[in-house]
Amino acid sequence: MRLSSFAYLCSWKRQIYKTKLTLDSAMKNILVIGSTGQIGSELTNELRKIYGSANVVAGYIPGAEPKGELAEGGPAAVADVTDGAQLAKIVQEHKIDTIYNLAALLSVVAEQKPRLAWRIGIDGLWNVLEVARENNCAVFTPSSIGSFGPTTPHELTPQDTIQRPRTIYGVSKVTTELLSDYYFLKYGTDTRSVRFPGLISYVTPPGGGTTDYAVDIFYAAVRNEVFECPIAKGTRMDMMYMPDGLRAAIELMEADPSRLIHRNSFNVTAMSFPPEKIYKEINKRCPDFKMIYKVDPLKQSIAESWPDSLDDSAARDEWGWRPQFGLGAMTRDMLEKLSKKLLGA
Ligand code: SER
């Protein structure tokens, strides 16, 4: 009885929260740059549910066109982050007031293409911020656990601490944070962001990241293949299930600005584990599933330079951040959804 009253209360709280978001956000017109990527493909659909399908433009680059629900669910436009004039045209045509800028190369692939990583991450960000300044848009550009480096305190990494990464991905994320804060302080552009940990999802696979193993392991488990883990035993990294990641971005953009002491960028986390711990969790439900270690030296050196666990108390205090999925709940949901997707069961 007590539990069901509690569940009832929670469902009402969720309803009030959704209604509040809808009312607060009734007037938003949003552009998602990188709408077909790992985060964008889910964020765009989520934003359309909250703000209305017609008010969220799915920006994409040729060769990565939206498909299915994303293509049918609302307007789309070619939005190449390296083309400032093109971005300005879309912003003016669709009267955009909020930009989610998700264009980026992930950490491992960026090491192979550092110039391109910079062109997309920083030259691209410059274009986005200029368009935002001229057209009075709010901007969300994610940072990452990759913005930390080997000299950062690794245990409960503080919100404000040493950021001297040695990957081009990290260098571009620290620059993203600084440039976004610069536009806020100098021009009043409403820039906000979170430092995402590894994001785990069954919808669009990541590509070329250090934390990808925590997604790939689920595909191997569902297909009943032996998983070759590229990260060594004992190497902990922060992770988050995608529904929490989407909420983090949207709730921060809806947060009361007068409460924000920080802007770019907030530590957020939901869990932290080494490979053997997620393997054990999956193993509880897939007892025949096997994992062996085949450590990738580049991925391993990047992973070792990142935090073991983040302190996200600033996000909790300043805009009420709370994750909803821990390792157990995420594993259950991932296995169920991925089995349906891959096996139809
Ligand atoms: N998921 C990213 C990567 O592994 C980190 O933010 O590159």
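Could you please find all residues in region 141-182 being of a type in the set (Ser, Thr, Tyr) and within 15 Å of ASN264 (Cα to Cα)? Spell out the reasoning first.
Filtering region 141-182 down to residues of a type in the set (Ser, Thr, Tyr) leaves 141, 143-144, 147, 151-152, 157, 161, 167, 169, 172, 175-176, 180, 182.
Those that are of a type in the set (Ser, Thr, Tyr) and within 15 Å of ASN264 (Cα to Cα): THR141, SER143, SER144, SER147, THR161, SER172, THR175, THR176, SER180, TYR182.
The set of residues in region 297-345 being within 20 Å of SER272 (Cα to Cα), open to solvent by 20 Å² or more (accessible area, probe 1.4 Å) and of a type in the set (Asp, Glu) consists of GLU304, ASP308, ASP311, ASP333.
Given the conditions (1) more than 16 Å from THR331 (Cβ to Cβ); (2) in contact with a helix residue (DSSP H, G or I) (Cβ under 6 Å, 6 or more places away or on another chain); (3) modelled with pLDDT of 95 or more, report the number of the one that GLY208 does not fulfil. Of the numbered conditions (1) more than 16 Å from THR331 (Cβ to Cβ); (2) in contact with a helix residue (DSSP H, G or I) (Cβ under 6 Å, 6 or more places away or on another chain); (3) modelled with pLDDT of 95 or more, the odd one out for GLY208 is (3).
HIS94 fulfils the conditions (1) touching a residue at least 60 places away in the same chain (Cβ under 8 Å); (2) buried (at least 21 other Cβ atoms within 10 Å of the Cβ) except for a single criterion, (2).
In region 40-136, which strands (runs of 3 or more DSSP E) lie fully inside it and hold 3 or more residues that are of a type in the set (Phe, Trp, Tyr) and more than 16 Å from the ligand (Cβ to nearest atom)?
Details: elements: 56-60, 76-78, 98-101.
By residue number, no strands (runs of 3 or more DSSP E) qualify.
Yes/no per residue for (1) small (Gly, Ala, Ser); (2) at pLDDT below 95:
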| site | (1), (2) |
| --- | --- |
| LEU9 | no, yes |
| TRP12 | no, yes |
| GLN86 | no, no |
| GLY121 | yes, no |
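Can you tell me which of GLU93, GLU111 is within 21 Å of the chain's Cα centre (by Cα) and modelled with pLDDT of 95 or more? Spell out the reasoning first.
Working: GLU93 fails: within 21 Å of the chain's Cα centre (by Cα).
Matching residue, one of GLU93, GLU111: GLU111.
Can you go through ASP244, ASP296, ASP216, ASP190 and tell me which one is of a type outside the set (S, T, N, Q) and without any contact (Cβ under 8 Å) to a residue 12 or more places away in the chain?
Working: ASP244 fails: without any contact (Cβ under 8 Å) to a residue 12 or more places away in the chain; ASP296 fails: without any contact (Cβ under 8 Å) to a residue 12 or more places away in the chain; ASP190 fails: without any contact (Cβ under 8 Å) to a residue 12 or more places away in the chain.
Answer to the check: ASP216.
Residue-level check: of (1) part of a helix (DSSP H, G or I); (2) away from the ligand (no atom under 16 Å from the Cβ); (3) not acidic (Asp, Glu), VAL171 misses just (2).
The listed residues are ILE261, ILE231, and the only one of them that is surrounded by 23 or more Cβ atoms within 10 Å (Cβ to Cβ), in a loop (DSSP other than H, G, I, E, B) and out of contact with any Leu (no Cβ under 6 Å at 6 or more places or on another chain) turns out to be ILE231.
The residue that is surrounded by the fewest Cβ atoms within 10 Å (Cβ to Cβ), counting only those in region 208-228 that are in a helix (DSSP H, G or I) and of a type in the set (A, V, I, L, M), is ALA220. Within region 147-160, identify whether any single residue is in a helix (DSSP H, G or I) and either within 11 Å of the ligand (Cβ to nearest atom) or at pLDDT 95 or above (or both), and answer yes or no. Within region 147-160 (the criterion being in a helix (DSSP H, G or I) and either within 11 Å of the ligand (Cβ to nearest atom) or at pLDDT 95 or above (or both)), the answer is yes, since at least one residue qualifies. When region 282-296 is filtered for residues that are part of a helix (DSSP H, G or I) and either buried (at least 17 other Cβ atoms within 10 Å of the Cβ) or at pLDDT below 95 (or both), only ILE282 remains. Please specify each residue of region 234-250 satisfying the condition of being surrounded by fewer than 23 Cβ atoms within 10 Å (Cβ to Cβ) and over 13 Å from the mean Cα position of the chain (by Cα). Within region 234-250, GLY234, THR235, ARG236 meet the criteria.
The values are calculated or read from the model by the stated rules, or taken from the named source; none is laboratory data. Only a predicted model underlies this, so the values are computations on that prediction, with no experimental measurement involved. A quick note on method: Cβ atoms are made from the backbone with ideal geometry, for glycine too, and the neighbour counts reach across all protein chains shown. The protein model used for the area step is the full one, side chains on, heavy atoms only, and it has no ligands, DNA or RNA in it. Shrake-Rupley method; radii C 1.70, N 1.55, O 1.52, S 1.80 Å.
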